[in-house]
Amino acid sequence: MNEKDQQTSEQETLDECFIAAKEVANEAGEVIRTAFYKGKEVTTKASFADLVTETDRNVEQLVMSKLRAKFPNHKFIGEESTKEGEHWILTDDPTWIIDPIDGTTNFVHRFPYVAISMGFLVKKQAVLGIVFNPIQDLMFHARIGLGAYCNDRKIYVTNTEELGQSLVCAEFGSSRVSTELDSKLTSMRQVLEQAHGIRSLGSAALNMCSVASGQVDAYWEFGLHAWDIAAADLIVREAGGVVMSTDGGPLDIMNRRVLCAGKIALAQKIIKLIKQMNYERD
């Protein structure tokens, strides 16, 4: 097979993955939408504020089973299966990284910023990303080299480079350890003193999609996981933005930190103000 034929074959495979992912996202979204306004059985994980519901587990099982049936040679990393004792290593193999409900606390409290996040990586690089908020019926998606979209509308980041003209997203996360909260509050205050404002949607994937769609200018967070950012990473980059580690280095999705912005100049200003925090790798 010559190089052109190989590229065509790879694109056809990616298109097939995209169609399948959109179908299963819609199916999973219906499960989430149906459960959203009902009573929920809630348990906790790492802390009293780290919540999980039966819907999280059901959606992950649904998504994985559907995609495994379609792509039996692919690998899978899912939030709930990992939390429940399955250990995963990110390899060069085609790999789906799935968060069944990003924003579980929002889901529990009926705050409508919840999303299913599905990132597809080949050789550790994201080539497809879908983030679907079924409550607001917003599907953010991207394929490498083809731009980023919300539903059928192409989206773009802002051109804002000055922090004094910016609206920024940041999160506290679910940890309630005093030293961690102090560091995060200090960083937020230092940014807030210079920015128009800070917003916290309670969903890393939707925060990043807010950057991608030009609703906010930047976002950073410490302590999150690979499944929170694997899909939205590509969506931001395909919308023209930058995604990196919080210290300005290349993004490592297993390193539990992220900073994204419409412009690198804005990201660099934020880096100078936030306190770096270290977490155990995924």
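Sort the following peptides by mean Cβ neighbour count (other Cβ atoms within 10 Å, averaged over residues), highest first: 272-278, 156-162, 38-44.
Top to bottom by mean Cβ count within 10 Å: 156-162, 272-278, 38-44.
At 222 nm, what value in deg cm²/dmol follows for the chain if DSSP H runs of at least 4 each add -39500 (n - 2.57) and the sum is divided by all its residues, to the nearest 500?
Per the formula, -12000 deg cm²/dmol.
Ordering Asp56, Asp137 from largest to smallest accessible area (1.4 angstrom probe), what's the sequence?
I get Asp137, Asp56, largest accessible area first.
How big is the range 34-162 on each of its three principal axes, counting only the C-alpha atoms and giving the largest first in Å?
41, 38, 31
So if I place +1 on the C-beta of Lys and Arg and -1 on the C-beta of Asp and Glu, and nothing else carries charge, what would the dipole magnitude of the chain be about its Cα centre? I want it in debye, nearest 20.
540 debye
Order the peptides 210-216, 70-76, 98-104 from the highest to the lowest mean number of other Cβ atoms within 10 Å of their residues.
The peptides rank, most packed first, as 98-104, 210-216, 70-76.
Give the carbon-plus-sulfur fraction of the accessible surface of the chain in %, rounded to a whole number; probe 1.4 Å, heavy atoms of protein chains only.
For the chain, the apolar C and S fraction of the accessible surface comes to 48 percent.
From zero outward in steps of 10 Å, how is the percent of C-alpha pairs of the range 135-282 spread across the bins?
Taking all Cα pairs of the range 135-282, the binned fractions are 13, 45, 34, 8, 0 percent.
Just for the Cα atoms in the chain, what are the lengths along the principal axes, largest first, rounded to whole Å?
The Cα atoms of the chain stretch 54, 48, 33 Å along their principal axes.
I'd like to check one number: the per residue accessible area of the chain, probe 1.4 Å, reported in Å² as a whole number.
Ligands and nucleic acids excluded, the figure is 46 Å² per residue.
List, largest first, the extents of the alpha carbons of the range 88-148 along their principal axes, each in whole Å.
Result for the range 88-148: principal-axis Cα extents of 38, 29, 9 Å.
The values are calculated or read from the model by the stated rules, or taken from the named source; none is laboratory data. All values reported here derive from a predicted model rather than from experimental measurement. Don't worry about glycine lacking a Cβ; one is built from the backbone with ideal geometry, like all the others, and counts go over all protein chains shown. Surface areas here come from the heavy atoms of the whole protein model, side chains and all, with no ligands, DNA or RNA. Shrake-Rupley method; radii C 1.70, N 1.55, O 1.52, S 1.80 Å.
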